[in-house]
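Notes follow the structure.
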Amino acid sequence: MVYEGKSVFSGIAIGKIAILKKDNQSVKRTHVENVEDELKRVDVARKEAATQLQALYQKALQEVGESGAMIFEVHQMMLEDQDYLDSITNMISSQHINAEYAVAATGDNFAQMFAAMDDDYLKERAADVKDISERLISVLQGRDTSAGVGDEATIVVAEDLAPSETVQLDKSKVLAFVTRFGSSNSHTAILARTMNIPALISVDYQEEINGKMAIVDGFAGKLIVEPEEAVLKEYEEKRRQEEEKRSLLQELKGKENVTTDGRRINIYANIGNVSDVASVLQNDAGGIGLFRSEFIYLEKETFPTEEEQFQVYKTVAENMAGKKVIIRTLDIGADKQVDYFGLDKEENPAMGYRAIRICLKQPDIFKTQLRALFRASIYGTISIMYPMIISVNEVRQIKAIVEEVKKELTAEGIPFGEVEQGIMIETPAAVMISDLLAKEVDFFSIGTNDLTQYTLAIDRQNAKLDDIYDSHHEAVLRMIRMVVENAHKEGIWAGICGELGADTTLTEEFVNMGVDELSVTPGFVLPVRKIVREM
Ligand code: PEP
Ligand code: MG
């Protein structure tokens, strides 16, 4: 039997299934005479729950680090939230009901309220408010809140997992997570990734699978229950190869990107959304070298608001805990079409109305994003980078808009931090005037995907020309060299964030050219580090 789902973290797991059943917390409504006593019970339970959360925070901090542990800080804060506590107290006082019932009802109300919000981040908080309410109820009922699986390591299958349940599980006993609900942005998914365990969501399983032998294929998003002998063999081999690859690379975590003769390079990671941050951290990237912010726009039916964007950038900055996060402004158009932008059909969209061209012609869209970025800048180290630049004039126009945005924020009393600003070098024009552009910006990041397309005059999407779309073309390599040299002459840094940056056959050449940073898919951070360290 094969169940299809959505993978939130790759890997292969083979083992027995254990369906995790939550104690059904049936909470009965009862009448209480002594309201004061009941309020005291809430107070005592709240303190106990806070202590438990603090302990969980410490445990998570050790096991999965700052970003994974943060959720328990959020829970502690929610537990202290005055509106939440007032609601519980008011119910008890006005209706003479028991504490358990007041907590359950308040939890449900708040969760519904969050779930109905437009903002994706706040939507996710519904699960958190339920989680803290269940904890409070468990404490009130004097029950143990630690979720348990048996002694044997198993594939944990559940309807959904609260973050506190995920982290309380003994990691050595969990082979994989499979849930019916949950989203790829949920903290559970993030934690699962950080814990380095394959995880699937949206799996519509049946209860009979409990206790059965199964395979979790975190690459294809499949749960294969009671596989045939040949399939099992095949997956055992796949798992062995994965483990070998991983353990070899794991040894490189925490190590510096330094050559044997002492030259250094930054290795950062490319991401498309918040949930990718976990694998950035897991692969020990030094920062985020390219956050393709257009994915925020692609996922929506209409323009994402300033607040929605702010929450995304803030979360990424916070999760990266001070490490550099380079966010690229909207790069819509060409291969990334969004209906609500109402863009005309063009003969040559790759050379058409796209990216910074849209932002400069429709500054309202641009300013919304810039405001969100600057607002988020106080939560970490954010840099902004502009795509598809062809002229100095464009950069000056951008700067003028940025100044307007900063002025507006200042006038509104909204704080923002120092933000490094750079441009992508992905057109031959930008390469040829990189000496002039270098005087205008703080850094360059070379987008070799587009640079190859425009230099070789080959549509990067045209499968027929795949064999001649050659990023190793001498023209492209010379351009990279030129850009790096011009950057250094003006004392700014230059990196590569196109796919070529992850090409380990060129790592040595890039380091020799003096490239300061390579930003690659998270899974390539350690392979590239390996090459650098062997140089
Ligand atoms: C590039 O063009 O190399 C790049 C990094 O940007 P994208 O692939 O998003 O166009
Ligand atoms: Mg590009």
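The values are calculated or read from the model by the stated rules, or taken from the named source; none is laboratory data. All values reported here derive from a predicted model rather than from experimental measurement. Using ideal geometry, Cβ is built from the backbone for each residue, glycine included, and neighbour counts are taken over all protein chains shown. These accessible areas exclude ligands, DNA and RNA; they are computed on the full protein's heavy atoms, side chains included. Shrake-Rupley method; radii C 1.70, N 1.55, O 1.52, S 1.80 Å.
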Estimated FRET transfer efficiency when R0 is 35 angstrom, pair A429-D204 (beta carbons, to 0.05) = 0.10
ask   = What's the angle, to the nearest 10 degrees (0 to 90), between helix 306-319's Cα axis and the longest principal axis of the chain?
value = 90
note = Farthest towards the positive end of the dipole of the chain, among A411, S434, A355 and with Cβ unit charges of +1 on Lys and Arg and -1 on Asp and Glu, lies the Cα of S434
inquiry  = What FRET efficiency comes out for E299 versus H31 if R0 is 45 angstrom and r is the Cβ-Cβ distance? Round to the nearest 0.05.
reply    = 0.40
ask   = Along the principal axes of its C-alpha atoms, what lengths does the chain span, in descending order and rounded to whole Å?
value = 81, 66, 49
Surface accessible to a 1.4 Å probe, T260 within the full protein complex, Å² = 110
ask   = Where does each of E165, E33, E63 land when they are ordered by accessible area, with a 1.4 Å probe and the largest first?
value = E33, E63, E165
For the chain, accessible area per residue (1.4 Å probe, heavy atoms of protein chains only), Å² = 45
inquiry  = Given points 7 Å out from each Cα along the Cα-Cβ axis, report the N449 to S94 separation in nanometres with one decimal.
reply    = 5.4
inquiry  = What's the magnitude of the charge dipole for the range 53-127 around its Cα centre, counting Lys and Arg as +1 and Asp and Glu as -1 at the beta-carbon? Answer in Debye, nearest 20.
reply    = 220
ask   = What is the sum of charges around Q397, taking Lys and Arg as +1, Asp and Glu as -1, for the other residues whose C-beta is under 14 Å from the C-beta of Q397?
value = +1
query = So what's the range 35-140 giving for Rg/Rh, alpha carbon basis, Kirkwood Rh from the mean inverse pair distance?
reply = 1.00
ask   = Taking the Cβ of V312 as the center, what net charge do the other residues with Cβ under 14 Å away carry, scoring Lys and Arg +1 and Asp and Glu -1?
value = -4
query = In nm, to one decimal, how far is the modelled label at K399 from the one at M482, with both set 7 Å along Cα→Cβ?
reply = 2.3
task = Grab the Cα-Cα distance for M535 and L85, subtract it from 0.36 nm times how many residues apart they are, and report the gain in nm with one decimal.
result = 156.1 nm
key: 0 to 90° range, to nearest 10: angle between helix 392-411 axis and the chain longest Cα axis   = 30
ask   = Expressed as a whole percentage, what fraction of the accessible surface of the chain belongs to carbon and sulfur atoms when a 1.4 Å probe is rolled over the protein heavy atoms?
value = 50
remark   = For the range 1-91, listing trypsin sites (Lys or Arg not before Pro) in a DSSP loop whose Cβ sees at most 13 other Cβ atoms within 10 Å gives K21, K22, K28, R29
query = So for the chain, taking the charge dipole from beta-carbon charges (+1 Lys/Arg, -1 Asp/Glu), which of V2, Y469, N393 sits furthest toward the positive end?
reply = N393
ask   = Could you give the nm distance between label points at D470 and E73, where each point is 7 Å from its Cα heading toward the beta carbon?
value = 5.1
key: Local electrostatic count, L252, Cβ distance below 9 Å [Lys/Arg +1, Asp/Glu -1]   = +3
key: Percent of beta bridges antiparallel (DSSP, the chain, rounded to nearest 5)   = 30
task = Using only Cα atoms, locate the centre of the range 219-243 and the centre of the range 492-528, then give the distance between them in Å, rounded to an integer.
result = 33
query = Which whole-number percentage describes the relative contact order of the chain, with Cα contacts under 8 Å and a sequence gap of 6 or more?
reply = 14
query = Over 27 Å between Cα atoms, which of K16/K255; K130/K406; K59/K300; K212/K238 qualify?
reply = K16/K255; K130/K406; K59/K300
query = Using the beta-carbon distance between R246 and M1 and R0 = 45 Å, what value does 1/(1 + (r/R0)^6) give for FRET efficiency, to the nearest 0.05?
reply = 0.95
task = Any chance you could run the full-extension gain for E226 through L409? It's 0.36 nm times the residue separation minus the Cα-Cα distance, nm to one decimal.
result = 60.0 nm
task = Kindly express, to the nearest 10 degrees and within the range 0 to 90, the angle between helix 525-534's C-alpha long axis and the longest C-alpha principal axis of the chain.
result = 50
query = Over the range 265-534, what relative contact order in percent results from Cα pairs under 8 Å that are six or more residues apart?
reply = 21
message = To check my understanding: the extent here is largest minus smallest coordinate of the Cα atoms along each principal axis. What are those three numbers for the range 207-353, in Å, largest first?
response = 54, 52, 34
note = Taking the alpha-carbon centre of each part, the distance from the range 246-321 to the range 330-400 in Å is 20
Kirkwood-based shape ratio for the range 265-534, expressed as Rg/Rh from alpha carbons = 0.94
query = For the range 265-534, what is the charge dipole size about the Cα centre, in debye to the nearest 20, if Lys and Arg each add +1 at the Cβ and Asp and Glu each add -1 at the Cβ?
reply = 460
message = What figure, in Å² to the nearest 10, do you get for the accessible area of S10 with a 1.4 Å probe and non-protein molecules left out?
response = 40
query = Farthest toward the dipole's positive end in the range 35-140, which of Q82, V129, A49, given Cβ charges of +1 (Lys, Arg) and -1 (Asp, Glu) about the Cα centre?
reply = A49
ask   = Mind checking the dipole of the chain: about its Cα centre, +1 per Lys or Arg Cβ, -1 per Asp or Glu Cβ, Debye to the nearest 20?
value = 720
